[in-house]
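The values are calculated or read from the model by the stated rules, or taken from the named source; none is laboratory data. Keep in mind that what you see is a predicted model, and the values were worked out from it rather than measured. Positions of Cβ are backbone-derived with ideal geometry, glycine not excepted, and every protein chain shown enters the neighbour counts. With ligands, DNA and RNA removed, areas are computed over all heavy atoms of the protein, side chains included. Shrake-Rupley method; radii C 1.70, N 1.55, O 1.52, S 1.80 Å.
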Amino acid sequence: MTATSPERIVSDSGLPTLLSHQPHAALRTPYAFPAGSGPVLDAETLREHILPRWREGVEKQTKALVKRVRSTMEVLSGDALYSRLDDPPSRRAALVAELFRTHTLVKNAGRLDVRALQQTLVGALSTVGPLHFEIAWGHVKRGLAGLKTLGPWADLAEALAIGRLTALTRAASRLLDGEVRLTVLSGGTRFQDALLTRSGQLAAYDIQRQEIAEALGAAGAVTFRDFASVRAERDGDRTGRRETYHRKPAEPRDGEIQARLHTVAFNVDWENVLALAADGAAPHGVTLPAPLADWLAGAPAERGPLLVRAAAACLVDPGVQPLWAEQFLAVEDGEELLEEGISFFTHVSWEATRRYVAIHNAGKEAAAAGPSAGTAGTAPAGSAARPIRLTVHEKRDRPAMPALAVLGMRAAELLPQHLTVLLPGGGGPEFGTVAELHAQVPSARPVHLADGGGTQPVFGWLAGTSQPLCLVAPEADWQRALPAVLDPEQG
């Protein structure tokens, strides 16, 4: 029997592999890139020179998508790909379906069941209101003590992804000569019980992404909403979704948990976990040993990140524990503290993963009780159809559901909340966790937003913080590269 990889239910990064192959990477990566260590972007430059270029880049992406679809449809004949191209409604649906055969945008473009997608679109286009797509994407950025990202807020990575979604939505609108909308469903609150994230950060992240969409010209077309809230509004008690979520779902098997342990562990809000534990709480039922709590309380801003990095590295590769033990030699009972920290991290991670998988399984069970996910559903005459589902992770059991590469095919399986962007000396932007990019370009510098000096048009949440907009290679001309990152011909 051939082993198969588990269904992708949470997005990963290259960080576990890096820590496994380069154990010193977690030691060498800076904990922060302080202001003054790189270029500073002021509000006027962003407003007058960069945002207009970004909007031009989105427009170029849109035109390229529309041109490809129309050129392809002009030469299609018969019913090799689509049904009834001589029928106006069917042809309109085929135009939009063809949009999702764009290999630079859709990961499963070559495997997509476009005939089934066309039929779904025919139904959706026959209902009242604009064509409406929906995609679930986005937890808050997780720092993992600076190994993954440099802060929790939306940065250039989100702008690049939102630019692609905007271009897709605009292209569909032009192909239909009508209004098209896309709703991004944030999974933050859906998995909050598992990842122990903070509500304020979840809400702020969606507000920030909405501001980015509006700055790129997608106001009213691309909107961000909370996944759990939308599902509750839409389905209520009719599908049994609420009952399914509130009763204990089937327990995940140990194999399911182990297969996703590293990924989910790296998504937990460890800063919040340690803060909760310091206040006497037991996150996921795991109590922080008193000696470890006392040691962390002595210098939480320094010792907490050190412990998180050590425990994360040892979770991936237990063989690196002696390397990290050297970092605790100067600490009284340092080896015991490290072992207790690793045990605490592991037990919290295991329970977080169990809950994450259980929540996902409960969602699948609830969805099975209602209209099929991935279709527009059956709507009464004269009513609006359910949104057509898109996805960021290919669903092998739903061949008609397009799987978008929101950061392009060079980073097909990556999502913005797990990484930052590097502007290299040449070519388009590169994506990775901070540890990966630092291993690749140790001399990379941060691009920070200037604090004050005028109202920020967008990204004001980064101004005056230690979180940069992106990183830049020392040989890169960032003033030329940054405005071009959304241009398909240069970025």
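Where the centroid of each part is defined by its Cα atoms, how far is the range 141-189 from the range 190-204 in Å? Using only Cα atoms, the two centres lie 18 Å from each other. Assuming a ≥ b ≥ c are the square roots of the Cα gyration tensor eigenvalues, decide whether the range 429-490 counts as rounded (a/c under 1.5), prolate (otherwise, with a/b larger than b/c) or oblate. Oblate. Which lysines does residue 141 reach when only Cα atoms under 30 Å apart count, and residues fewer than 8 places away in its own chain are ignored? The qualifying lysines are 60, 107, 248, 364, 395. Could you tell me what % of all Cα pairs in the chain have separations over 45 Å? Tail of P(r) above 45 Å: 14 percent of Cα pairs. Out of the total accessible area of the range 101-232 (probe 1.4 Å, heavy atoms of protein only), what percent is carbon and sulfur? The computed percentage sits at 52. In percent, rounded to a whole number, the relative contact order of the chain is 28, using alpha-carbon pairs under 8 Å and six or more apart. Grouping the Cα pair distances of the range 95-238 into 10 Å bins from zero gives a pair-distance distribution of 10, 34, 35, 18, 3, 0 percent in increasing distance order.
Note on the range 425-491 and the range 58-76: Cα centroid distance 30 Å, given to the nearest whole angstrom.
Just check the range 280-336 against the gyration tensor rule for me: Cα atoms, a ≥ b ≥ c as the square roots of the eigenvalues, rounded for a/c under 1.5, and otherwise prolate or oblate depending on whether a/b exceeds b/c. Taking the square roots of the gyration eigenvalues as a ≥ b ≥ c, the range 280-336 is oblate. Net charge of the neighbourhood of residue 57, taken over other residues with C-beta under 14 Å away and scored Lys/Arg +1, Asp/Glu -1, is +3. This model, with +1 at the C-beta of Lys and Arg and -1 at the C-beta of Asp and Glu, gives the range 247-323 a dipole about its Cα centre of some 200 debye. Where the alpha-carbon atoms of the range 193-233 are placed on the principal axes, they occupy 35, 23, 12 Å, in descending order.
Taken per residue, the accessible surface of the range 52-134 reaches 47 Å², heavy atoms only and a 1.4 Å probe.
The Rg/Rh ratio for the range 56-97 is 1.07, where Rg is the radius of gyration of the alpha carbons and Rh is the Kirkwood radius.
Here's how it looks for residue 41: its modeled amide H is under 5 Å from those of 448, 449, 450, which are all 5 or more places away or on a different chain. Working note: Cα gyration tensor of the range 1-154, eigenvalues times five, square-rooted, sorted largest first, giving semi-axes of 41, 25, 15 Å.
Legend: helices of the chain (whole DSSP H runs) are marked when their alpha-carbon atoms reach 27 angstrom or more along the helix axis and their mean Kyte-Doolittle hydropathy is at least -1.0; marked are 51-75, 156-176, 334-369.
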